[in-house]
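Here is the structure we will look at.
FYI, it's all coordinate maths here, none of it is from the lab. Note that this is a predicted model, so its numbers are computed, not measured. Glycine also receives a Cβ, built like all others from the backbone with ideal geometry; neighbour counts cover every protein chain displayed.
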Amino acid sequence: MSFPKGFLWGGATAANQCEGAWNVDGKGMTISDATTAGTLTEPRYTTYISKDGKPGKAMMFEELPEGAHRAVLDGYYYPYHEGIDFYHHYKEDIALFAEMGFKIFRMSISWARIFPKGIEEEPNQAGLDFYRNVFEELKKYNIEPLVTIFHYDLPVYLEEKLGGWNNRDLIYYYEKYAETLFKEYKGLVKYWLTFNEINNVIMMKSLLPNYPFEKVQKDLQLLHYEFVASARAVKRAHEIDPNYVVGCMIAGGPSRYPLTCDPKDVLLTQETLQENTYYSADVMAQGEYPYFAQRIWRKYKANLEITDQDLQDLREGAVDMVTYSYYCTNCASTHEVKEKAGGNLDMGAKNPYLTYSDWGWSFDPDGLRYSLNEFYARYHKPLMVVENGLGAVDILEKDGSIHDPYRIEYIREHIKAMDKAFDDGVDLLAYTPWGCIDLVSASTGEMKKRYGFIYVDRDDTGKGSMKRYKKDSFYWYKKVIETNGKDLGD
């Protein structure tokens, strides 16, 4: 095995899915806080009060009726409100991460815990103190924090009163928020990610049926504002501390194959990758829009507001590294598709050469090696795989054990793929499997779709003791880290 000395093994979480404490210690309400639970077949909803005072609900990614505002309503279960209560269990959880031997821990900061509305002049001290305590606890065990600045949980005020990222003013508020973090945690945090899966905005058109054409135009403008915000944050981070390493975070990687050898399928695959993946990654890693951006803008008749200052900001704020999530792959085809796959924001045709999970996600370690090579060849910048894992139903036995050989197999084969990528010459810094401790699923709102090496006693209705249990994969991953990837137990 060829993992280099100093390779950063760890795990990943997100504040909205694990922290809980949704309305304590001055934290403001986020758009996540009004999101209900769902299942594989029942969608998650956003609950609201209409402008005439009537309660209602919309599918999670749908726009609310005009004049409606998000609200927490009786009769619904909101799993993010308590999550796995990392807010009160962080010392216990970090001790477990340390026992596994983590070198790095990816987490996010809730914007509304720092600036409850997003527009305040001064930050919420209780929020600053909480994250400082978390970082100091990590440092106690020599675990590097990898901090995502924005992971889907926008303060409700910014969304409803200012129009969210459709409003250029959010660049200013994000820059102020990011600068506050960079100054406050200088010396405690080295690695930063500006936006989680920033390209998910442009992927929604293929995820949701009958996605409005006009909405794609707005999404492209919204994405531009996020690009500029990210670039300004990167530049400001380097001014505050030249040792800061700031990355982008992209959803999925090159995650499509042509279903057939029909050239039209090959061209569709290329076009899909350019739109859904490289459009965003190119801007953030290379500091400018790619040549095919003009084709995308023509396709959607998008006339973006892009200033000369924006273009300068993008050039000056290219990221230091490229990080991405990788779970599965699927296929693109111009032909009739009989079987569709599930996936992380990216549906497509099933691949007849792959096996699939209970949630319809493919098992494709070779695709990880492929994507690592593609990203490194394109950007020549260090990479991190910051999400990867298997969501599955785990059984807590009477003796407190959890046997999850399926998870061990999934992670093992993806580690082997990373090893081969090292042999290919890829510069890979870190691996942080998703949901290293069980947390609320972002797609379905379930707890039973578990990813972690640590089991949390919590069910889909909010019942459970919150007690933590070590799965078989906990002990297996501990051995992997101890041997720097040499002992995979196979």
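Results, tabulated for the structure shown:
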item	result
Reachable lysines, given that their alpha-carbon falls under 23 Å from the alpha-carbon of Lys5 and they are not under 8 places away in the same chain	Lys103, Lys139, Lys140, Lys190, Lys381, Lys416, Lys420, Lys478, Lys479, Lys486
Distribution of pairwise C-alpha distances over region 47-173, 5 Å bins, in %	2, 9, 15, 18, 16, 14, 12, 8, 4, 2, 0
Area projected by the alpha carbon convex hull of region 294-387, averaged over all directions, nm²	8.8
Electrostatic dipole magnitude of region 73-115 [Cβ: Lys, Arg +1; Asp, Glu -1; Cα centre; debye, to 20]	300
For region 350-394, alpha-carbon Rg over 2.2 N^0.38 Å	1.42
Farthest toward positive dipole pole in region 7-108 [+1 Lys/Arg, -1 Asp/Glu at C-beta], among Ile104, Gly38, Trp22	Ile104
Proportion of all alpha-carbon pairs of region 281-343 beyond 20 Å (%)	54
For region 3-68, convex hull of alpha carbons as volume per residue, Å³	167
Principal axes of the chain: Cα extent on each, largest first, Å	56, 56, 48
Segment Lys5-Glu305, length gained on full extension (0.36 nm per residue, minus Cα span)	103.4 nm
Per residue Cα convex hull volume in Å³ - calculated over region 234-353	124
Potential lengthening between Asp366 and Lys463 on full extension [0.36 nm per residue; Cα-Cα distance subtracted]	31.1 nm
Dipole magnitude of the chain about its Cα centre (Cβ charges: Lys, Arg +1; Asp, Glu -1), debye to nearest 20	240
Two-decimal ratio, region 387-426, of alpha-carbon radius of gyration to 2.2 N^0.38 Å	1.59
Residues Ile402, Ile454, sorted so that the one with the fewest Cβ neighbours within 10 Å comes first	Ile402, Ile454
Residue-wise HN-Hα coupling along region 153-166, computed from phi with Karplus coefficients 6.51, -1.76, 1.60 (Hz; x: Gly, Pro)	9, 5, x, 4, 4, 5, 6, 8, 8, 10, x, x, 6, 6
Ellipsoid semi-axes in whole angstrom, largest first, where each is sqrt(5λ) of the Cα gyration tensor of region 116-167	28, 14, 6
Region 423-490: C-alpha gyration tensor shape, a/c 1.5 cut-off, then a/b vs b/c	oblate
Dipole moment magnitude, nearest 20 debye, region 263-376 about Cα centre, only Lys, Arg, Asp, Glu C-beta charged	520
Quotient of Cα Rg and 2.2 N^0.38 Å for region 96-226, N being how many residues it contains	1.20
Residue-averaged [θ]222 nm for the chain, counting only DSSP H segments that reach four residues, each worth -39500 (n - 2.57)	-11000 deg cm²/dmol
DSSP beta bridges in the chain [antiparallel fraction, %, rounded to 5]	35
